[in-house]
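To keep things clear, I will list the structure first and then write my remarks on it.
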Amino acid sequence: MSTPAAVMTTPSYEDAFARYEPVIGLETHVELGTASKMFCGCATAFGAPPNSQVCPVCLGLPGALPVVNEAAIRFAVMIGLALNCQIASWCRFARKNYFYPDMPKNFQISQYDEPLCTDGWLAVEVDGEVHRVGITRVHLEEDTGKSLHVGGATGRIHGATHSLVDYNRAGIPLVEIVTEPDVRTPEVARAYVEELRELCRALAVSDVRMEQGSLRCDANVSLRLRVGPGEAEKPFGIRSETKNLNSLRSVERAIRSEIVRQAGRLDAGERIIQETRHFDEASGRTSSGRSKEEATDYRYFPEPDLTPLALSREYVEAVRASLTELPSQRRARLIAEHGFSDRDLVDMRNAGVLDLVEQTIAAGAPAPAARKWWLNELPRRAAGAGVTPAELAIRPVQVARVIELIAGGSLTDALARKVIDGVLAGEGGPDEVVAARGLAVVTDDSALSAAVDAAIAAAPELVDKFRAGKLNAVGPLVGAVMKAMKGKADAATVRALLLERLGAA
Amino acid sequence: MTDAPADVVRLTAAETAAAIAAGELSAVEATQAALDRVAKVDDAVHAFLHVDAEGALTAAAGIDARRAAGEQLGPLAGVPLALKDVLTAKGMPTTCGSRILQGWYPPYDATVTARLRAADIVILGKANMDEFAMGSSTENSAYGPTRNPWDLARIPGGSSGGSSAAVAAFEAPLAIGTDTGGSIRQPAAVCGLVGVKPTYGGVSRYGLVAFSSSLDQAGPLARTVTDAALLHAAIAGHDPMDSTSVEVPIPPVVEAAARLEVLGMRIGVVRELSGEGYEPGVQARFDEAVELLSQLGAEIVEVSCPHFDYALPAYYLIAPSECSSNLARFDAMRFGLRVGDNGEAGAEEVMSRTREAGFGPEVKRRVILGTYALSSGYYDAYYGQAQKVRTLISRDFAAAFERVDVLVSPTTPTVAFPIGAKADDPIAMYLNDLCTIPANLAGVPAMSVPAGLSEGLPVGFQIMAPAFADDRLYQVGGTLEAALDARRGHPLLDAAPAL
Ligand SMILES: [Zn+2]
């Protein structure tokens, strides 16, 4: 039922977006960072040798039975509460039945019509505008193993001579977070995933590394014609589901690509097929997977090996009381307390220095200075050393001391960088480095006066130029004085002294 | 070392353990006697799928050594036992009576197995069974049927037919069976034994290869109520590895078995479990037993449990539904049989061909039935309705137990039928479980205790009690056993034909 490609013209994204309204819903899987698996005691470390973290339970051996990991329940409740959800006072696990070699029992223990958390929302901000994304449900399930297809050119199952399965991942707890079809732009979709990632990171329930698959996102996209003012909204169109988007950029690109593709089909009078699609990073396009119209019947039924989960009000309230500050609350507080801008917060978050800046401020540094050092000089050092800023061998309290020395006039920015060198080299705290390396700004007038006089005496031609009106001739003189002082002078002070001596001040 | 009594194998478990404790018999002698008996009769009976003579003798020698060192041993130390092949035990294969698991050695012990070992019970080997516990005759074993020691042309019951036959043929004084719809009680009834399905959640299911998770329960088979109680106490109790295991004290079954009185107890006769379809001999032995209990001072009350009439259809939706999912893991990927892996076939084809070749017709029938019952669009009409019936049956029990202490009925409508008689008629076979299924659906404990013979074949008397009141089964069963033995002698010891 497909039309020859020649007939179908692909609109530009802008054109497609102008005529069609995208309706986007997101399903996100977050691998929980519990020490042990969802239903057994096996470890969950990433990158362990294949099949080294398995037991009869997670291998689905005959006779083995699941036992729920309390930590996974607690983490899921934390996520649910942070997403403003209702937490079910009674819910059950269900079996989702389908055959696949990396699924040990050939059913997945999941939740079906009785999820743990329902009816929440997450506010995300894009370009100053707040979008409230409805959360339909948050439920718990177990991850599958990983198949490795060997012998084919592509690593895909097609063309492979055989397949290997690693069950280390089988049974790792996952939460699935499903939104309402509330999202209307690819940018908001991306911002939602980013906000969700920050939220899980702040709750310390997952390492949320998209590239390692500990956060995976599926995007449901459909289009409907935009309507003029006063016209009734069109019903939702048929959606496609693009699976396993593994970066924020992919989320946005895949949705844009789907919008363009679906607009092209609709323009040509084609219908959209309800199907699963895969996003190819290289081409930036999605391609068809299996059709949902011939989808498996999962034959869900309540998991008889587990008793229903009945969380008491007290338990839920205790978890609520234990919640740390959420990213949105924190941003509001940082803006109110320290006068940061949204841009500052985005920059600091992207640089991974928000905690460090806060700690530096707490150690007494003014907010702008803390932001400046952690956003420029220190990330550069970290990048040079191949570590994160937090892994640098300088503590926020030491950075605060450096900032204090600058503010007090004892250090220039240039000297401060040398002090940081010393601290990073393990020479001690800022004061010890200043003392040991003799880095304090020389405020002794006589030494500075002598250096200024010497510089003027040594460069009569510059003095002549200056006196002839070429005021920028003072530059090289400042340089000469700074060199003579081995940098231990404040350039602004030197310049003022020179101008005074040359009779310009 | 003392001379072992000539008929060691005819001792009860309690007698065997007492003889070992007194130094009159060693565990090795008791084990060797059982192994010799197996060697002598099991070609005819076929109770065992696997005999671990070396493992059993090694375990027995260890027990003797510890007794010699002065260690105080448990009440069943040194007693040989047949373990149904649906429970995992390290060092022995677990097949579940299926081709699909042929040669599979589990890497772990079931909790029941571990508790048997901890109680110093000697595991002789693995007992035959209907494939994946699906059946009432042990004819569905992929490894051939087991025969009833009372009449080798008849079935020993099922699915725990290897377990019941082993005990009835004096190959072991004790056996472990599992009961999903009557699979301990019906074999016990037709082999003249005591068999108990404990309260659901009373015995761990960890390592019990699941047929129907919400119904399966392991329990004892023995020649006497006391032996069954000792074994029950050894395997029961909470297990953190099984979420459905309940954290309550083990009911005082051993004490109850010794109480031997029913004065003032209210015993309810279930109206729906008698009458048409029940063999006259079965009904007669049942009525006599009720009369006997009445003479011993029990108050006999007729009780109606109207929803029991729907128990069989509900069971045949719930059990197949769960089994269709439980048996999905037998896919040739990680263990067991693999068929069709010719280097060309994909995983799906290998799975399909393995399951085609590895499962027998009854297993396939139930997997297909269950798959259908769970399908979208049919779930509410079948699985959903069956769960509602299950609730109603539980309410019938709850209402009955407000009026009476225990409920009683025949265990099976008939005595053991000839091998092959019902093999081609699944419905006739399913009707065997009419009386036993309600207890599984409600999770309550139930016992079958011998009630005498009908035309030379054993008849079982079923007792059902409220959840976690398993001790009442033993009190009533023990009393009835003592009274009947006093009148007619012990059926097995005195009436069973020699093999
Ligand atoms: Zn495990």
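The values are calculated or read from the model by the stated rules, or taken from the named source; none is laboratory data. Since we're looking at a predicted model, the values are computed, not measured. Backbone-built Cβ (ideal geometry, glycine too); neighbour counts: all protein chains shown. Surface areas here come from the heavy atoms of the whole protein model, side chains and all, with no ligands, DNA or RNA. Shrake-Rupley method; radii C 1.70, N 1.55, O 1.52, S 1.80 Å.
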For chain A, fraction of C-alpha pairs farther apart than 31 Å, in % | 60
What angle do you read, to the nearest 10 degrees and between 0 and 90, between the alpha-carbon axis of helix A:248-267 and the longest principal axis of chain A?
-> 50
Report, in cubic angstrom per residue, the convex hull volume of the C-alpha atoms of the stretch B:232-291.
-> 179
Virtual spin-label span in nm between B:VAL301 and A:ALA321, 7 Å along Cα→Cβ | 4.8
When the distances between all Cα atoms of the stretch A:445-501 are binned every 5 Å from zero, what whole-number percent does each bin get?
-> 4, 22, 37, 24, 11, 3, 0
Ranked by accessible surface with a 1.4 Å probe, highest first, in what order do B:LEU57, A:LEU326 come?
-> B:LEU57, A:LEU326
Computed over the Cα atoms of the stretch A:350-393, the Rg and Dmax in Å are 9.9, 28
One would report the Cα pair-distance distribution of the stretch A:331-464, bin width 10 Å, in %, as 12, 36, 26, 15, 10, 2
In chain B the DSSP beta bridges are antiparallel at a rate, in percent to nearest 5, of 65
Counting Lys +1, Arg +1, Asp -1, Glu -1, what net charge surrounds A:ALA43 among other residues with beta carbon under 13 Å of its beta carbon?
-> +2
Residues of B:321-332, mean number of Cβ from any other protein chain within 10 Å of their own Cβ, rounded to a whole number?
-> 5
On the first, second and third principal axes, largest extent first, how far apart are the outermost C-alpha atoms of chain B in Å?
-> 64, 53, 44
Hey, how many Å between the Cα centroid of the stretch A:129-149 and the Cα centroid of the stretch A:75-118?
-> 10
Rounded to one decimal in nm, the spacing of the 7 Å Cα→Cβ label points at B:ARG334 and B:GLU261 is 5.5
Once label points are set 7 Å from the Cα along Cα→Cβ at both A:TRP121 and B:ASP43, what is their separation, rounded to one decimal in nm?
-> 8.2
Which whole number gives the average count of other chain Cβ atoms within 10 Å of the Cβ atoms across peptide A:50-63?
-> 5
Once you have a ≥ b ≥ c as the square roots of the Cα gyration tensor eigenvalues for the stretch B:135-238, tell me rounded if a/c is under 1.5, and otherwise prolate or oblate according to whether a/b is larger than b/c.
-> oblate
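Using 18 Å as the Cα-Cα cut-off, could you pick out the over-long pairs in B:LYS197/B:LYS388; A:LYS372/A:LYS486; A:LYS37/A:LYS105; B:LYS90/B:LYS126; A:LYS146/A:LYS243?
Working: B:LYS197/B:LYS388 23 Å; A:LYS372/A:LYS486 25 Å; A:LYS37/A:LYS105 15 Å; B:LYS90/B:LYS126 12 Å; A:LYS146/A:LYS243 16 Å.
Going by Cα-Cα distance, B:LYS197/B:LYS388; A:LYS372/A:LYS486 fall outside the 18 Å limit.
Nearest 100 Å² is fine: what is the total accessible surface buried where chains B and A meet, probe 1.4 Å?
Roughly 2700 Å².
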Once you list every other residue whose beta carbon is under 10 Å from the beta carbon of A:LEU65, what net charge do they have if Lys and Arg are +1 and Asp and Glu are -1?
-> -2
One finds the C-alpha centres of the stretch A:235-258 and the stretch B:216-250 to be spaced, in Å, by 54
Computed E for A:ALA468/A:ASP413 - FRET, C-beta separation, R0 25 angstrom, nearest 0.05 | 0.15
Select from the stretch B:200-290 those GluC sites (Glu not before Pro) which occupy a DSSP coil region and have at most 10 other Cβ atoms within 10 Å, ordered by residue number.
-> B:GLU247, B:GLU276
For A:LYS234, go through the lysines and keep the ones whose alpha-carbon is under 25 Å away, minus same-chain ones fewer than eight residues off.
-> A:LYS292
Percent carbon-and-sulfur accessible area, the protein assembly as shown, ignoring ligands, DNA and RNA, probe 1.4 Å = 53
List the longest stretch of chain A that has no exposed loop site; here a site is one of the chymotrypsin sites (Phe, Trp or Tyr not before Pro) assigned by DSSP to anything other than H, G, I, E or B, with at most 15 other Cβ within 10 Å.
-> A:237-505
Can you give the helix-only mean residue ellipticity at 222 nm for the protein assembly as shown, where every DSSP H stretch with n ≥ 4 adds -39500 (n - 2.57) and the sum goes over all residues, rounded to the nearest 500 deg cm²/dmol?
-> -11500 deg cm²/dmol
Expressed in angstrom and rounded, the centroid-to-centroid distance over alpha carbons for the stretch B:366-407 and the stretch B:114-179 is 28
In the stretch B:366-395, which residues become less accessible by 50 Å² or more once every protein chain is in place, relative to the chain on its own, using a 1.4 Å probe?
-> B:LEU374
Calculate, for the protein assembly as shown, the solvent-accessible area per residue in square angstrom, rolling a 1.4 angstrom probe over the heavy atoms of the protein chains.
-> 40
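Ranking request for peptides A:489-501, A:341-353: highest mean number of other beta-carbon atoms within 10 Å first, then the rest in descending order.
A:489-501, A:341-353
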Hey, what's the per residue convex hull volume over the C-alpha atoms of the stretch A:13-118, in cubic angstrom?
-> 190
Return, in residue-number order, each cysteine of the protein assembly as shown whose C-beta is not under 4.7 Å from any other cysteine's C-beta.
-> A:CYS40, A:CYS42, A:CYS55, A:CYS58, A:CYS91, A:CYS200, A:CYS217, B:CYS96, B:CYS191, B:CYS305, B:CYS323, B:CYS435
Reachable lysines from A:LYS465, Cα under 25 Å, same-chain residues fewer than 8 places away excluded?
-> A:LYS483
Check the straight Cα-Cα distances from A:LYS418 and name the aspartates and glutamates below 14 Å, setting aside those fewer than 8 residues away within the same chain.
-> A:GLU377, A:GLU427, A:ASP431, A:GLU432
From zero up to wherever the largest Cα-Cα distance of the protein assembly as shown sits, split into 10 Å bins and tell me the percent of pairs in each.
-> 2, 10, 16, 17, 14, 11, 10, 8, 5, 3, 2, 2, 1, 0
Roughly how crowded by other chains is peptide A:97-106, in terms of the mean Cβ count from those chains within 10 Å of each of its Cβ atoms?
-> 5
